[in-house]
Each structure stands twice: as C-alpha cells, then as structure tokens.
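Here is the structure we will look at.
The values are calculated or read from the model by the stated rules, or taken from the named source; none is laboratory data. Quantities reported herein were computed from a predicted structural model and do not represent experimental measurements. Every residue, glycine as well, gets a Cβ built from its backbone with ideal geometry; the counts of neighbours run over all protein chains shown.
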Amino acid sequence: METIKCLIAGSGPAGYTAAIYAARANLKPVLYEGVLKGGQLTTTTEIENFPGYPQGIDGNQLMEDLRQQAERFGTEFRTGIITETTLDKRPFLVKLDCGKEILAQTLIIATGATARYLGLESEEKFKGQGVSACATCDGFFYRGKDVAIVGGGDTACEEALYLSGMCRKVYMIVRRNVFRASKVMQERVLSAPNIEVLWEHQTKEVLGDATGVTGVRLVHKSGKEKILEVPGFFLAIGHHPNSEPFLPWIAVNEDGYIVTKGKSSETNVEGVFAAGDVQDPRYRQAITAAGSGCMAAMDAERYLSMQTGL
C-alpha cells in the first residue's frame with residue numbers, strides 16, 4: 001500500500017498554499033482536489049480583495065495561479081474524494097471514492113465549508129452573476145445599489161449591516177416573524193435606516209437575464225407575491241464544514257468545524273492539521289484560508305522533523 005509523507009485534502013486557497021509550503025520543504029505533498037477543483041472561489045467572477053492584484057482577478061485564474069505555483073515546486077495533484085479515514089494510529093489510513101486506500105504520515109485537512117443555498121433552480125443559474133453567499137467578498141460590487149439578503153441569524157444581521165454601509169438599500173428576507181440573532185444584533189439591524197426587514201417572506205424565484213440578477217420574486221406567508229428589483233441577492237443561512245470523512249477521530253465544535261489548538265493548525269490527533277474554512281466559522285476569506293494553509297504546512301514540517309526515521 002502506498003505511503004505518502006504529506007497528504008493534503010482539498011484544493012482551495014488553504015490546500016494550494018499548504019501545498020506550496022510543503023513542497024518547498026521537500027515533504028513531497030500529494031493533494032487530492034476533491035469535489036470542486038479550486039474550491040468555492042471558482043464560482044466567483046472577479047475578486048478584488050486578495051492582496052497582490054490591484055486590478056482584481058477572476059476567481060478561476062487566482063486558483064489556477066496558486067495551483068501552478070504549487071506544481072512548480074513538486075506537488076502531485078490527484079483527482080479524488082476522501083470518503084473515510086482511520087486516524088487512531090500512524091500512518092493514517094485514508095480511503096478514496098474510487099475504492100483505493102493509501103497511508104499518510106501527516107494529513108492536512110483543507111476541505112472547506114459549503115455555503116447553504118435555498119435550492120432554487122434559478123438561484124443556481126445566477127451563482128456568481130448576482131447570487132452570492134459572501135457579502136464581504138462581493139458587496140463592493142453593489143455600492144449605491146439595492147440588494148437583498150436572506151437569513152435571520154447573527155451572520156445574516158452582520159452581513160446586512162456590512163452591506164448597509166455601502167448599498168443604497170438592503171432588503172432582509174426573513175422566513176419567520178422574529179430574528180434568530182442575538183438581541184444586540186437585532187437592535188443594530190432594526191435601527192439601520194436603510195435596512196428593511198421583510199418578515200414572513202420566502203424567496204420563490206431569482207429573476208435575471210444575460211447580464212445577471214435583476215430581481216427576486218418573494219411570497220408572503222399569506223400567499224401574496226411581490227418582486228424586488230435588485231441586482232444583488234445574498235444568502236446568509238449558514239455554512240456546512242466538510243469535516244465528515246475525518247470523524248469520529250477529529251474533534252469538532254457543535255457546528256462541525258474542526259477545533260484547532262491555540263493559534264496553531266494542530267488538531268487533537270498528532271500529525272493531523274486543519275486549515276481554511278473547515279476550521280474557521282468566523283472569517284471564511286480566501287486570504288485567511290491561504291494563511292492557515294501556510295501554518296498547516298509549517299506545522300506538518302516541524303512535526304515530521306521531530307519524528308525519528310522520517
């Protein structure tokens with residue numbers, strides 16, 4: 001059975017950056033790219049907040065740049081999904097969706113977190129063309145315009161407030177007649193002059209044309225429909241961390257995010273490290289994911305250097 005010195009699961013900014021650092025440290029990393037090669041950024045068009053690109057850059061191009069950089073230093077890229085692991089002893093046993101089994105001396109988990117969507121066909125159609133699950137990433141494109149955001153929790157309130165600082169008006173679509181958010185966040189939203197909360201509404205359809213989103217069709221609890229003319233439609237109904245293949249060995253919090261020790265990338269299992277959105281319920285930005293990928297590779301290199309015979 002094949003034994004890999006440094007196995008990286010996931011191909012977003014965290015995985016690719018970990019690969020760059022691991023390869024330069026001569027760890028001979030093997031990276032399995034998972035379901036979505038390049039991660040969530042490949043569903044985004046222009047990215048303006050990643051350092052080093054003053055004119056912005058296409059999400060796919062950014063991820064391709066990172067991939068090529070990792071490849072230049074000797075990272076081996078493979079297609080496949082890790083479905084199950086046994087992490088109670090080293091080397092770790094890793095099973096893939098193709099049925100193959102491999103052993104890993106160290107494992108870097110960078111499988112990310114999947115944004116929750118409503119499941120509408122029209123929503124899927126306009127992803128990256130006005131439909132977004134990250135106000136911090138894409139809100140800038142709607143300065144001075146009207147936007148809508150779905151959600152009623154703390155994250156939704158926080159992102160609505162963020163959008164209100166740059167958009168003309170923010171429609172907040174809440175399914176229930178109350179917020180799930182903390183009292184302080186509720187008060188901030190309700191006191192914002194340009195946020196209008198649409199209670200007991202659900203999104204029926206995202207409207208658009210060749211230019212992207214043009215509006216959303218809502219339906220009230222009473223059955224009455226209305227259309228909001230907005231070019232931006234944001235989702236803030238949560239994320240799902242892709243940590244299942246590493247359970248029950250890896251400690252996670254109540255929402256499934258991997259718990260790391262202090263300011264390191266170390267998990268509760270020696271030799272297993274976590275980076276990116278799979279362990280970050282707070283920031284979820286490309287640059288923070290890349291930074292944590294660097295940390296994970298450096299932690300893995302230090303760990304291996306302390307092991308005899310490696």
For residues in segment 261-283 being out of contact with any strand residue (DSSP E or B) (no Cβ under 7 Å at 6 or more places or on another chain) and surrounded by 14 or more Cβ atoms within 10 Å (Cβ to Cβ), which is farthest from A156 (Cα to Cα)?
-> V269
Is it true that some residue in segment 197-220 is of a type outside the set (V, I, T), in contact with a Gly (Cβ under 9 Å, 6 or more places away or on another chain), part of a loop (DSSP other than H, G, I, E, B) and free of Cβ contacts under 8 Å to residues at least 12 places away in the same chain?
-> no
Qualifying residue in segment 215-235 (condition: within 23 Å of R176 (Cβ to Cβ), β-branched (V, I, T), surrounded by 18 or more Cβ atoms within 10 Å (Cβ to Cβ) and in contact with a helix residue (DSSP H, G or I) (Cβ under 8 Å, 6 or more places away or on another chain)) = no
Any residue in segment 52-66 that is in a strand (DSSP E or B) and either in contact with a Cys (Cβ under 9 Å, 6 or more places away or on another chain) or in contact (Cβ under 8 Å) with a residue 24 or more places away in the chain (or both)?
-> no
Which listed residue, of E159, E124, is modelled with pLDDT under 95, in the same structural domain as L218 (by TED's automatic domain parsing), assigned to a helix (DSSP H, G or I) and crowded, with 21+ Cβ neighbours inside 10 Å | E159
For T114, the lone unmet condition from (1) more than 30 Å from K204 (Cα to Cα); (2) part of a strand (DSSP E or B); (3) under 21 Å from the mean Cα position of the chain (by Cα); (4) not basic (K, R) is (1)
Unique match (being over 21 Å from T288 (Cα atoms) and either out of contact with any His (no Cβ under 6 Å at 6 or more places or on another chain) or of a type in the set (V, I, T) (or both)) among I109, I82, I47 | I82
Has segment 129-142 got at least one residue that is more than 25 Å from A14 (Cβ to Cβ) and either part of a strand (DSSP E or B) or without any contact (Cβ under 8 Å) to a residue 12 or more places away in the chain (or both)?
-> no
Can you find a residue in segment 172-186 that is assigned to a strand (DSSP E or B), under 27 Å from A286 (Cβ atoms), of a type outside the set (S, T, Y) and not assigned by TED's automatic domain parsing to the domain that holds D280?
-> yes
Only residues that are touching a helix residue (DSSP H, G or I) at 6+ places or on another chain (Cβ under 8 Å), small (G, A, S) and farther than 21 Å from E84 by Cβ: list them for segment 236-289, please.
-> A236, G238, S264, S265, A286, A289
For segment 167-179, how many residues meet the condition of being touching a Phe, Trp or Tyr at 6+ places or on another chain (Cβ under 7 Å) and closer than 17 Å to P231 by Cα?
-> 1
Hits in segment 1-45 - residues which are charged (D, E, K, R) and part of a helix (DSSP H, G or I) = R24
Inspect segment 73-91 for any residue being assigned to a helix (DSSP H, G or I) and under 26 Å from D255 (Cβ atoms) and give the result as yes or no.
-> no
In segment 189-214, how many residues are of a type outside the set (A, V, I, L, M, F, W, C), closer than 19 Å to E159 by Cα and buried (at least 17 other Cβ atoms within 10 Å of the Cβ)?
-> 2
Kindly check whether there is at least one residue in segment 241-253 that is among the hydrophobic types (A, V, I, L, M, F, W, C), part of a helix (DSSP H, G or I) and without any contact (Cβ under 8 Å) to a residue 24 or more places away in the chain.
-> no
Selection over segment 180-203 where residues are farther than 15 Å from K226 by Cα, modelled with pLDDT of 95 or more and of a type in the set (A, V, I, L, M, F, W, C) yields a count of 4
